Each structure stands twice: as C-alpha cells, then as structure tokens.
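These notes concern the structure reproduced below.
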Amino acid sequence: MASILIVDDEKSMREFLEILLANEGFEVSSAVNGEEACGILDKTRFDLVITDIRMDTVSGIEVLRKAKEVDLNTEVIIISAYANADTAVEAMEGGAYDFIPKPFDVDEFRIIVREALQKKTSSGFEQEENAEEGFHFGCLMGDSPGMKVIYDLIKRVAKTNTNILISGESGTGKELVAKAIHTESQRKDRPFVVINCAGIPESLIEGELFGHRKGAFTGATMDKVGLFEAADKGTVFFDEIGELTPAIQVKLLRVIQERTFTRIGETTERSVDVRFISATNKNLEKEVIDGRFREDLFFRLNVINIPIPPLRERKQDLAVLAQYFLKKYSAEFEKDIKKLSTFALDILSNYPFPGNVRELENIIERSVALETSNIVLPQSLTLSNFKKTKVMEDRRRNDIGPNGIKLDEVMTELEKEYMLKAMELTQGSKQKAAELLGLSERSMRYRMEKLGL
Ligand SMILES: Nc1ncnc2c1ncn2[C@@H]1O[C@H](COP(=O)(O)OP(=O)(O)OP(=O)(O)O)[C@@H](O)[C@H]1O
Ligand SMILES: [Mg+2]
C-alpha cells in the first residue's frame with residue numbers, strides 16, 4: 001500500500017485530503033506545518049508527499065527539498081492557492097511531480113495522485129488485460145476498436161516531437177490522452193503544462209505564456225518566468241485552443257515556427273524546447289473557414305490529428321468504464337457495491353451520453369451514492385431527459401436477448417420496484433404495503449432489509 005504524507009496548516013484542507021486519500025486505499029499521515037513535516041520525513045519514508053506551499057516559517061518548497069534530500073524517489077505534489085508561474089517553476093526545478101492550483105478538481109487530483117504513484121512503481125505505461133479491471137492503457141480504460149486505434153497512435157506519436165491536435169466532444173478524454181502521450185514520451189520526467197486557453201483573460205495571457213521583465217508594465221514588480229519557459233523540455237498542452245483570440249494566435253504561431261519568444265519588456269530572444277499538444281471540442285476546420293482561426297496556425301498545430309470518438313460510438317467500452325468508476329466510487333463512499341445489474345447496463349447502452357465519459361462517471365458516482373443494495377439497479381441511475389422505463393419495458397417484452405439475462409437480478413429488480421411502488425401507494429405503511437403485495441409483514445420486513453430499502 002502506498003504511503004502519503006499530507007502537509008497543510010489549514011485543518012479543513014488537511015482533513016479533506018486525509019479522508020479523500022484514505023478512501024482511495026492509501027496509508028495517510030499528516031503534518032500541521034512544514035516543520036513537523038520535516039521532522040516526520042527524517043524518521044519515516046513516504047511514497048508521496050502532498051504539501052501546501054504557503055505556510056509559516058517552513059514553506060512547501062522547503063518540505064519538497066527535505067523530502068528529496070531524504071529520498072529522491074519520494075514524489076512531491078505541491079498545492080497552492082497562490083499559483084503563479086514563478087513558484088510553479090521553482091517547484092518543478094526542485095523536482096516536484098506536479099503543481100496544483102487551489103481550488104482544484106477532485107477527480108483531476110485523484111488522477112494526479114495515482115499517476116505520481118504509478119510513475120514511482122513503473123516507468124512508462126502498461127497496456128494489459130486484467131481480469132478484474134478490463135483492458136486499459138495507463139489511465140485510459142476501454143478496449144473498443146476505436147480506443148485501440150488511439151492507444152496505438154499514442155504509442156507511435158509519443159516517440160516523435162510532432163505537434164498534435166486532439167479533437168473530440170466534451171468529456172471524451174482529450175486531456176487524458178494528451179497526458180498519456182507525455183507520459184509515454186522521452187519528456188515524461190519534465191513538466192506537462194496545461195494552458196486553458198478559455199480560462200486566461202486576453203490581457204493576462206501574454207504575460208502568462210511569455211513571462212515579463214521587472215518594470216515592463218505597471219504591476220510588473222519582478223521578473224516573471226512564463227509557462228513556455230516553465231515547460232522547457234516538457235510538453236505544453238493547449239486546452240480549448242479554438243478559444244484563442246486572433247492577437248494571441250499570431251504570437252503563438254511565431255513561437256511554434258521559431259521555437260523562440262521574448263519576455264514582455266525584453267529584447268533578447270529565448271529559445272525553448274517544448275512539444276505542443278492542443279485539444280478542441282470545436283470543429284477547427286470550420287473555424288478556419290469562418291475566419292475565426294488562422295489557417296497557418298491550424299496547419300502547424302494539426303500535424304497529426306487524434307480524433308476521439310464519442311462514447312455512444314464505442315459502446316463496447318461502457319461496461320469496462322462503468323465498472324472502473326464503480327470500483328472507484330464504491331471505495332470512496334465506503335460502500336460494497338460490486339457491479340451494475342444487467343438491466344442497468346442495458347439502460348446505459350441505450351443512453352446517448354451527450355457528456356461522454358465524464359457524464360458516465362458522474363452518473364456512476366451518483367448511483368453509488370444513492371444505491372442501497374449491493375448492485376446498481378436502474379432506479380439509482382439518473383439520466384437527464386431519458387426514459388428508462390421504455391428500455392425496461394422493451395427489455396421485458398423481449399424477454400431474453402442474444403446476451404442472455406441474469407434471472408436473479410431481473411427478479412431482484414422487479415421485487416424492488418414493486419416494493420417501492422407499494423410503499424409509495426400506502427404512504428410508507430409497511431403493513432398495508434405487505435397486504436397489497438400478498439406478503440406477511442414479517443416477509444415484507446425481511447425483503448426490505450435484504451434489498452436495503
Ligand atoms: N478512456 C477513459 N478511461 C478512464 N477515464 C476516462 C477516459 N476518458 C475520459 N475519462 C475521464 O472522464 C473525465 C473527462 O476526461 P477529460 O477531462 O480528459 O475529457 P476532455 O475531452 O478533456 O473534456 P472537455 O472537452 O470537457 O475538457 C475525466 O475524469 C477522465 O478521467
Ligand atoms: Mg479537457
């Protein structure tokens with residue numbers, strides 16, 4: 001079991017991380033400040049240290065230094081509410097695995113932790129068939145022909161430095177694919193810097209990307225290293241590239257062509273060695289035709305295109321993905337839900353998933369939270385604007401499809417449905433509900449307990 005040390009002087013944050021990571025099955029310890037952390041690190045070895053950056057007396061950067069001094073193999077993730085490129089660079093140069101700005105997305109955080117620990121145990125990605133988890137490629141799950149093409153592409157392009165454009169609907173896993181390319185490449189030990197083109201205001205983007213010199217403009221009180229420099233020898237991931245304004249598009253084109261840039265307020269050119277991966281959920285070709293995206297930039301970025309098919313076009317992945325998320329959230333919510341009922345999976349296979357894998361993940365998370373029995377039944381799936389009953393009725397009329405059914409599950413589902421219906425009709429009176437169903441009160445109680453109602 002991997003061991004993790006959490007360092008944060010904010011109690012609520014510390015406790016939140018402790019619970020989150022303990023639920024993931026890690027052995028978690030914590031320190032209330034940098035000093036205590038250094039003391040603990042002197043005595044105990046950890047696989048991973050997660051530390052806040054701003055703390056009184058001993059900072060997160062010093063904790064990082066200490067951890068690396070004691071054991072170079074310990075990975076360190078730094079979290080900070082005061083993210084700027086300077087501290088990120090300092091952290092990266094100190095050997096931090098990643099730098100996460102607060103507030104962060106819990107899912108992303110979990111992935112980063114998992115990847116940091118994965119990096120420790122194995123270099124590179126495994127691609128394997130695992131009886132329990134199904135086929136996967138690193139963090140990417142699924143064995144549909146569509147995904148296998150993607151895995152193959154990832155492996156091939158990872159060896160090159162070509163610019164890559166990943167396209168696909170929202171939630172299809174574009175960022176995960178970009179990260180996989182980075183992890184499979186020679187650059188894996190250098191930073192993977194994500195630039196969300198839709199998230200940085202136009203007035204700030206230049207400074208963020210290129211950095212600036214002290215005094216270059218009001219407010220530039222010191223020299224600042226931009227994200228390109230921070231990513232040197234690593235990978236830059238431009239998320240939502242279609243959102244870049246024309247002015248920034250021109251500047252970016254130059255960096256991509258010349259591999260050089262200048263900090264704002266400086267005249268000397270600096271050169272940079274980065275690999276560019278971009279992602280978009282727009283049709284960039286159409287953006288080019290409509291004059292919103294520069295054609296020359298488009299061709300530069302799109303040397304190789306990796307189109308990720310929407311989930312509804314690779315239904316084969318559904319079971320593996322659902323099972324993967326089920327396991328994850330079962331552990332997180334400390335529940336013992338082992339699988340989805342055949343009915344539930346059937347309903348999911350008929351759902352179009354406009355939000356793709358992300359939506360599936362959310363659906364499973366909610367269902368695990370709601371489910372009271374030990375398999376996920378259709379009742380606990382919340383699908384927007386979708387008639388579950390229609391699928392269930394079709395299914396019942398069709399009795400046994402080509403894949404067969406699980407009679408016990410079908411019966412359990414029916415039983416549960418009737419019990420709920422009877423309770424609803426009798427406004428919760430067990431006695432009256434039992435009468436309606438032709439059961440003794442005792443049998444009713446027993447069944448309700450069994451079904452976790
Ligand atoms: N093949 C996969 N295996 C496991 N998890 C996946 C897979 N594809 C996507 N996910 C998960 O789905 C969520 C969305 O993935 P990601 O952020 O990479 O999508 P995206 O295409 O970048 O979405 P958006 O366009 O909305 O930014 C993440 O939580 C990710 O871990
Ligand atoms: Mg994304």
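The values are calculated or read from the model by the stated rules, or taken from the named source; none is laboratory data. None of the values given here were measured: they were computed from a predicted structure. Cβ: placed from backbone, ideal geometry, glycine included. Neighbour counts: every protein chain shown. With ligands, DNA and RNA removed, areas are computed over all heavy atoms of the protein, side chains included. Shrake-Rupley method; radii C 1.70, N 1.55, O 1.52, S 1.80 Å.
Descriptive notes on the structure:
- Region 1-49 - percent of accessible surface contributed by carbon and sulfur, probe 1.4 Å: 51
- Cβ-defined net charge surrounding ASP152, 13 Å radius [Lys, Arg +1; Asp, Glu -1]: +2
- Charge tally in the Cβ shell below 14 Å around SER29, where Lys, Arg are +1 and Asp, Glu are -1, SER29 excluded: -4
- Annotation for THR162 and GLU269: the two label points, set 7 Å from Cα along the Cα-Cβ direction, are 2.6 nm apart.
- Region 18-66-region 398-453 distance, computed between alpha-carbon centres (Å): 50
- Across region 353-370, coupling constants 3J(HN,Hα) worked out from phi with the 6.51/-1.76/1.60 Karplus curve, θ = phi - 60°, read 6, x, x, 6, 4, 4, 5, 4, 4, 5, 4, 5, 4, 5, 5, 5, 5, 7 Hz, and Gly and Pro carry x.
- Region 314-450 - percent of accessible surface contributed by carbon and sulfur, probe 1.4 Å: 52
- Overall, the ratio between the Cα radius of gyration of the chain and 2.2 N^0.38 Å, rounded to two decimals, is 1.15.
- Principal axis box of region 192-324, alpha-carbon based, largest edge first, Å: 56, 37, 25
- Seen from ASN356, the other residues with C-beta closer than 11 Å to its C-beta sum to a net charge of -1, counting Lys and Arg as +1 and Asp and Glu as -1.
- Per residue accessible area of the chain, 1.4 Å probe, in Å²: 49
- Sites listed here are chymotrypsin sites (Phe, Trp or Tyr not before Pro) in region 165-223 whose DSSP assignment is loop and whose Cβ has at most 11 other Cβ atoms within 10 Å: PHE217.
- The listed peptides 8-17, 376-385, ordered by packing as a protection proxy, come out as 376-385, 8-17 (highest mean of other Cβ atoms within 10 Å first).
- log10 of Debye I(q)/I(0), alpha-carbon scatterers only, for region 1-52 at 0.13, 0.14, 0.15, 0.24 Å⁻¹: -0.25, -0.29, -0.34, -0.85
- Hydrodynamic radius of region 48-102 by the Kirkwood approach over all distinct alpha-carbon pairs: 10.8 Å.
- Per residue, the convex hull spanned by the Cα atoms of region 1-121 measures out at 90 cubic angstrom.
- Of interest is the spacing of the C-alpha centroids, which for region 305-367 and region 146-189 amounts to 22 Å.
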